[in-house]
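The values are calculated or read from the model by the stated rules, or taken from the named source; none is laboratory data. As the structure is a prediction and not an experimental result, all values here were calculated from the model. Here Cβ is always computed from backbone atoms with ideal geometry, including for glycine, and neighbour counts include all displayed protein chains. Accessible surface areas use protein heavy atoms only, side chains included; no ligands, DNA or RNA. Shrake-Rupley method; radii C 1.70, N 1.55, O 1.52, S 1.80 Å.
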Amino acid sequence: MQSVRANLGGPAGGGSVVANSASGGPLAALSAALDRESTLGYVLVAPVIIILVGLVAYPLLYAVQLSFMDKTIGADGKFVGLQTIVGLWDSNLYRQTLRNTIVFTAAATVMKVVIGFGVALLINEQFPGRKLVRAAILLPWIVPTVLSGMAWQWMFTPNFSVINWILVNSGLMRTGLPWLTNPDLALFCVALINAWRAIPFFGITLLAGLQTIPAELYEASAIDGAGRWQRFRFVTFPLILPILTITLVLSIIWTFSDFQAVYALTRGGPVNSTHVLATLSFQVGMQGGKISEGVAISLTMLPLLLLLVVFQLRQLRRSGGA
């Protein structure tokens, strides 16, 4: 009975009501805090900051720390400062890999821009089966890199190369080409595969830009006597240039740090002729056990990539302000 009175009324009942109000105090304070826009903003951004710190900032800072050490897998390392990074420039393999990375990026990017722009212009035209062609163009992008690498490896293998079979049986050549055993041809092959995978991205992105150009501009230029080339030069290209620039910068960043296409096709061979910085970093750091040297190799990509990111952000800011 005393318990019932305590809950239903009397001095004891009044004490229960006060206790309930006190327990709702923190919730009321939290609700009031979230009503303020400045506090709510920090609360909403906090998960993103935690993810960025945990998945981006911490690994990057740990990688920088490793590059200042001489650590190997399974052993403690000691601080050596810039010795590991500076020592890379004395390595012929690193200098060759850096040259390969630049050539690989330049060759793949040129192919992607030229062919991707052509594909975008083609699928922007009206023709039967256009939707099917647009869907089929995305296939290289959605096929797993390892699977496409195996298919390309089969097509380039001298004994079973369908490309060599076509070249020989069409009379263009008397013997097949050593696609994956000749250093220059092997580097061309990995650049070709990288371009083949990225052409859908260029094509679809530039197509989206082409779709935003008003048809009235083409009609007005045609009335003024402009031909197809002049319409492309004075209407299409200037209006598509901002999107092309952003796409190009993104492509350079992804190509410069590409690992999958090279590793799936050649693993850096023959005789290290197709090694890029990403594959050499993996080989030295993970397979060779020299984790600090491997990290240092990959971090040498950072300055150029940071410049490209800054350029990209400035272009996006200009596009947003335009």
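Condition first: without any contact (Cβ under 8 Å) to a residue 24 or more places away in the chain, hydrophobic (A, V, I, L, M, F, W, C) and loosely packed, with under 13 Cβ neighbours inside 10 Å. Now tell me which residues in the stretch 291-322 satisfy that.
Within the stretch 291-322, Leu306, Leu307, Val310, Leu313 meet the criteria.
Exposed (fewer than 13 other Cβ atoms within 10 Å of the Cβ) and not aromatic (Phe, Trp, Tyr): does that describe Pro128? Full working, then the answer.
Numbers: exposed (fewer than 13 other Cβ atoms within 10 Å of the Cβ): yes; not aromatic (Phe, Trp, Tyr): yes.
Yes, satisfied.
With Ser221, Ser251 as the choices, which residue is in a helix (DSSP H, G or I) and under 18 Å from Gln312 (Cα atoms)?
On the way: Ser221 fails: under 18 Å from Gln312 (Cα atoms).
Answer to the check: Ser251.
Taking the stated definitions as given, is Arg134 open to solvent by 40 Å² or more (accessible area, probe 1.4 Å), basic (Lys, Arg), within 21 Å of Phe201 (Cα to Cα) and part of a helix (DSSP H, G or I)? I'd like the intermediate steps shown before the answer.
Working: open to solvent by 40 Å² or more (accessible area, probe 1.4 Å): yes; basic (Lys, Arg): yes; within 21 Å of Phe201 (Cα to Cα): yes; part of a helix (DSSP H, G or I): yes.
Judged against the criteria, Arg134 is a match.
Please list, ordered by first then second residue, the pairs with beta carbon atoms under 6 Å, 6 or more apart or interchain, first in the stretch 106-127 and part of a loop (DSSP other than H, G, I, E, B), second of a type in the set (A, V, I, L, M, F, W, C) and open to solvent by less than 60 Å² (accessible area, probe 1.4 Å).
If the second residue must be of a type in the set (A, V, I, L, M, F, W, C) and open to solvent by less than 60 Å² (accessible area, probe 1.4 Å), the pairs left are Asn124/Leu207; Asn124/Leu210.
Considering only the stretch 258-270, state which residues are open to solvent by 50 Å² or more (accessible area, probe 1.4 Å) and either more than 30 Å from Leu147 (Cα to Cα) or not in a helix (DSSP H, G or I) (or both). Break it down into steps so the answer makes sense when it comes.
As a first pass, look at the stretch 258-270 and keep what is open to solvent by 50 Å² or more (accessible area, probe 1.4 Å): 259-260, 263, 267.
Phe259, Arg267 - these are the residues of the stretch 258-270 that are open to solvent by 50 Å² or more (accessible area, probe 1.4 Å) and either more than 30 Å from Leu147 (Cα to Cα) or not in a helix (DSSP H, G or I) (or both).
Report every pair of residues separated by at least 6 positions or lying on different chains whose Cβ atoms are under 7 Å apart, first residue within the stretch 187-200 and more than 13 Å from Trp141 (Cβ to Cβ) and open to solvent by less than 20 Å² (accessible area, probe 1.4 Å), second among the polar types (S, T, N, Q) and not in a helix (DSSP H, G or I).
Val190/Thr266; Val190/Thr274
So which residues in the stretch 27-85 are touching a strand residue (DSSP E or B) at 6+ places or on another chain (Cβ under 7 Å) and surrounded by fewer than 10 Cβ atoms within 10 Å (Cβ to Cβ)? Walk me through it before giving the result.
Here is the first cut: in the stretch 27-85, the residues touching a strand residue (DSSP E or B) at 6+ places or on another chain (Cβ under 7 Å) are 68-69, 77-80.
Scanning the stretch 27-85 gives a single hit, Lys78.
If Ile240 satisfies every condition in (1) of a type outside the set (Asp, Glu); (2) without any contact (Cβ under 8 Å) to a residue 24 or more places away in the chain; (3) under 17 Å from Val113 (Cβ atoms); (4) open to solvent by less than 30 Å² (accessible area, probe 1.4 Å) but one, which is the exception?
(2)
In the stretch 164-180, how many are surrounded by 15 or more Cβ atoms within 10 Å (Cβ to Cβ) and over 15 Å from Tyr263 (Cα atoms)? Full working, then the answer.
Just the residues of the stretch 164-180 that are surrounded by 15 or more Cβ atoms within 10 Å (Cβ to Cβ), to begin with: 164, 167-168, 176-180.
Applying the additional criterion that residues be over 15 Å from Tyr263 (Cα atoms) yields 164, 167-168, 176-179.
Selection size over the stretch 164-180: 7.
Kindly establish whether Gly288 is in contact with a Gly (Cβ under 8 Å, 6 or more places away or on another chain) and either open to solvent by 30 Å² or more (accessible area, probe 1.4 Å) or among the β-branched types (Val, Ile, Thr) (or both).
Values: in contact with a Gly (Cβ under 8 Å, 6 or more places away or on another chain): yes; either open to solvent by 30 Å² or more (accessible area, probe 1.4 Å) or among the β-branched types (Val, Ile, Thr) (or both): yes.
Taking the combined requirement at face value, the residue satisfies it.
Which condition does Ser91 not pass, out of (1) hydroxyl-bearing (Ser, Thr, Tyr); (2) within 30 Å of Leu187 (Cβ to Cβ); (3) under 24 Å from the mean Cα position of the chain (by Cα), if it passes all the others?
(3)
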